[in-house]
Amino acid sequence: MKSVQVEILGRKYHFRGENHNKIREYASFLNEKLDELATDFQIIDHSKLLTLAAMIITEKYFIEKENNQDKKTKIDDISLSLSAFLSENKL
């Protein structure tokens, strides 16, 4: 697996992966978001900027995790209802 070089906040990093285009896309997206945060919150310290970005990503992760659990619960309820219906109607 070959490595690909990307730049994040002016520093060069090497990542290994199958899809170099995706890695570049992710790095580009991250840079855009970090630039937005730096501007919106007037942050110049990279450590603070990365910490803020990590907290935002963590918040989004937990929201999505909760949403997925709600969807799983609904799917399980529908599955039980369907199984009961099929059993009652001998289908």
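Residues checked against (1) touching a Pro at 6+ places or on another chain (Cβ under 6 Å); (2) of a type in the set (S, T, N, Q); (3) part of a helix (DSSP H, G or I):
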position	(1), (2), (3)
Glu25	no, no, yes
Ile44	no, no, no
Thr73	no, yes, yes
Ser79	no, yes, yes
Ser87	no, yes, yes
Lys90	no, no, no
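A count restricted to region 17-60 and to residues that are aromatic (Phe, Trp, Tyr) and touching a residue at least 40 places away in the same chain (Cβ under 8 Å) stands at 0. Taken over region 1-43, the criterion of being touching an Asp or Glu at 6+ places or on another chain (Cβ under 8 Å) and not aromatic (Phe, Trp, Tyr) is satisfied by Met1, Ala27, Asn31. Do we find a residue being exposed (fewer than 10 other Cβ atoms within 10 Å of the Cβ) and under 22 Å from the mean Cα position of the chain (by Cα) anywhere in region 80-91? No; the residues of region 80-91 include none that is exposed (fewer than 10 other Cβ atoms within 10 Å of the Cβ) and under 22 Å from the mean Cα position of the chain (by Cα).
Read the figures in this text as sums done on the coordinates, not as results from a lab. Owing to the predicted nature of the structure, the values given are computational and were not obtained by experimental measurement. Note: ideal-geometry Cβ built from the backbone for every residue, glycine included; neighbour counts use all protein chains shown.
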